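For reference, the structure discussed in these notes is given below.
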Amino acid sequence: MNCAPFDLRDYFFGELNATEAKVIESHVANCEGCRTELDRLDVTRVAMLELPPEEVPRRISFVSDKVFEPSLWQRFWQSGPKVGFASALLIFAGLLVNALPRQTAPVVQPLTATNYSSIINARVQEKVQEEVAKRLPIAVAQAVSSVEQQDTVRLTSAVAVVEKKYKVQREEDMAAMQATLDVWQRKLSRMYLASYDPSPVGSR
Amino acid sequence: MILREVEDRDLIAIAQKGNLEAFNQLVSRWEKRVFNYLLRLVRNREDALDLTQDVMMKAYQNLRKLDDAGRFAPWLFRIAHNEAYSMLRKPQREKDSIDEPGSSYDLGDTPVSGGRMLPVETAIAVAAALTRLSEEQREAVVLKVYQGFKFEEMSEILECPVSTVKSRVYSAFEILKDVLAPTSASYKERKV
């Protein structure tokens, strides 16, 4: 036992704050009994530290063994982004479920005047659409054919006009050429007549 | 380029990603401390070695669960404590271990002379004195004196309040003090 204001063992093991430690130190300086007690604690600790630590008989180390390694899936599942992946998977699943076509049961409504009228209207509309779908391609084909015929007539007449024009031009050119040829023929005849000498050949 | 020592927390961070080499580095840093803690607890070298291997294996398997790398030492010794006590709770195994020739750590109840002791004699006296303690007291003293843990860390390792830990250490020191630093009065008392 000791007479110190705080437990000497708390001081010895460093459990007191600085102020409390100073109080103990000043007490121990004047108290033989507490000083002896502290010395004994210190001797005990020093003696205990004389017991040396032993070396480990065999070094411990681990080698990588495929058998004990986590699988690829386990490693992924233990990785950081697993929560993100799980969330993304859930969202994807939700979207997929919502996107699937749902087969709903047909709703049978009672036949009233309004319903009857709407059914008739719907059938008329349906019939109109069928007729339109049937006749529209024929009408379009006829229109196209008519336009094509008109174009052909226009083109034929235009070609005929052009051909006629070129024929006249060609005839005029031929006539002009013939006239020029006649003029040259006449000139040549005149020259020939002018150079004619009726005396015998030896008398010249 | 700044060179600095690779700290435990660096190795832990790498080992937590599955790097076995980093974990082996951690093992080489801590195996001696863990082995000596277990040796003084179970008092048998073979058992202490087996337990050290088990502790390191469990540490590797659970390293990802360690949130704060700064708490690695108490966390590792908590595993060691659990492993040691699960073995000590097996009565037959405990008996076999202690009886196994050549592997026992007990050095007997060596008498302590009143005069100055040589280091080897002191070591023998300390080993003998430690046998006088209960398992709980011995573990608390080993953690405090040989492993240098703070009372808060010991409380975490032993899963008990700080006051209990302090009580175990202090009561153990009362016994050890009488053996290793006897007063003339207590020495005479022991001789009687």
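Taking 30 Å as the limit for the C-alpha separation, the pairs B:90/B:177; B:65/B:177; B:65/B:90; B:17/B:90 exceed it in the case of B:90/B:177; B:65/B:177; B:17/B:90.
With a Förster radius of 35 Å applied to the beta-carbon distance between residue A:181 and residue A:153, the computed FRET efficiency rounds to 0.25. Sorting B:8, A:197 by the number of Cβ atoms found within 10 Å of their own Cβ, with the fewest placed first, yields A:197, B:8.
Straight-line reach from residue A:134: which aspartates and glutamates have a Cα under 17 Å away, not including same-chain ones fewer than 8 places off? Output for residue A:134: A:126. Each residue of segment B:149-162 was assigned a 3J(HN,Hα) from its phi angle through the Karplus curve 6.51 cos²θ - 1.76 cosθ + 1.60 (θ = phi - 60°); the sequence is 6, 7, 4, 5, 5, 5, 4, 5, 5, 8, 6, 8, x, 4 Hz, with glycine and proline shown as x. Put a plus charge on the Cβ of each Lys and Arg, a minus charge on the Cβ of each Asp and Glu, and nothing anywhere else: the dipole of segment A:1-55 about its Cα centre is then about 260 debye. Available extension along the chain between residue B:28 and residue B:90 is 19.4 nm, counting 0.36 nm per residue and deducting the alpha carbon span. Which value, in Å to one decimal place, does the Kirkwood hydrodynamic radius take for segment B:6-55 when every pair of different Cα atoms is included? Every distinct Cα pair counted, the radius reaches 11.5 Å.
Please report B:153, B:139, B:174, A:163 as a ranked list, fewest other C-beta atoms within 10 angstrom at the top and most at the bottom.
A:163, B:174, B:153, B:139
Compute the Cα gyration tensor for segment A:132-174, then decide on rounded, prolate or oblate, letting a ≥ b ≥ c be the square roots of its eigenvalues: rounded whenever a/c is under 1.5, prolate when a/b is larger than b/c in the other cases, and oblate in all that remain. Prolate, because a/c is 1.5 or more and a/b exceeds b/c. A crude spin-label estimate for the pair residue B:167 and residue A:99, with each label 7 Å from Cα along the Cβ direction, gives 6.7 nm. Counted by neighbouring Cβ atoms within 10 Å, the residues A:27, B:81 run from fewest to most as A:27, B:81.
Modelled spin-label separation between residue B:183 and residue A:163, with each label point placed 7 Å from Cα along the Cα-to-Cβ direction: 14.9 nm. Full extension of the chain between residue A:10 and residue A:196 yields a length gain of 50.1 nm, computed as 0.36 nm times the residue separation minus the alpha carbon distance.
Computed from the coordinates by the stated procedures, all read-outs in this text should not be read as laboratory data. Every value quoted in this text rests on a predicted model; they were computed, and no experiment measured them. Neighbour counts run over all protein chains shown; Cβ positions are idealised from the backbone, glycine included.
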